[in-house]
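Enquirer: Please see the structure below; I have some questions.
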Amino acid sequence: MGYKIGDRVRGNVTGIQPYGVFVALDDETQGLVHISELKHGFIKEIEDIVTIGDAVDVVVMDIDEYSKKISLSMRGLNTPKYHPFSNKKKNPRYGRRSGTEFESIRRKFPNWIDEALREIEEGEHLDKSK
């Protein structure tokens, strides 16, 4: 077995289970693509993505050093259309710069400084009166 973590390999789908897809990397080596590593987003049926006998490109995610089991990913080769935590409708492209990110902070910052200085002065005034 001459595979390393991070290797991009082409293999053939040999089996499909509810939890993932088995991929033969060569005649002696087989790995598993967990259902969460098939593609970005929700997967209703694995058979909608791959079928037995398909040639697929995968990346080696992990190799268990004792059992020699190989974890593979198809998702790792694709970039998502949007960030998983962004609102798809309002912000379809993650990282898009609109120039308004810090505008509200820029407006509020002087007031925060004034409030903090007032609190400090009131605290010093109370300390002197004791």
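Enquirer: Per Stokes-Einstein, at 4 °C and 1.567 mPa s, what whole-number D in µm² s⁻¹ belongs to region 8-77, with the Kirkwood radius over Cα pairs as the hydrodynamic radius?
Expert: It comes out at roughly 109 µm²/s.
Enquirer: Pop out the ³J(HN,Hα) list for region 41-52 in order, Karplus 6.51 cos²θ - 1.76 cosθ + 1.60 with θ = phi - 60°, rounded to Hz; leave Gly and Pro as x.
Expert: x, 7, 10, 7, 10, 4, 5, 6, 9, 9, 10, 4
Enquirer: I'd like the Karplus ³J(HN,Hα) series for region 111-123: coefficients 6.51, -1.76, 1.60, θ = phi - 60°, whole numbers in Hz, and an x wherever there's a Gly or Pro.
Expert: Once rounded to whole Hz, the list reads 5, 5, 5, 4, 4, 4, 5, 4, 4, 5, 5, 5, x.
Enquirer: Near the amide H of Leu72, under 5 Å away, which other amide H atoms are found, from residues 5 or more places off or on another chain, if H is placed in the peptide plane?
Expert: Under 5 Å from the amide H of Leu72 lie the amide H atoms of Leu32, Val33, His34, Met61, each far enough along the sequence or on another chain.
We did not get these values from a lab; they are worked out from the coordinates using the rules stated. Model, not experiment: these values are computed from the prediction.
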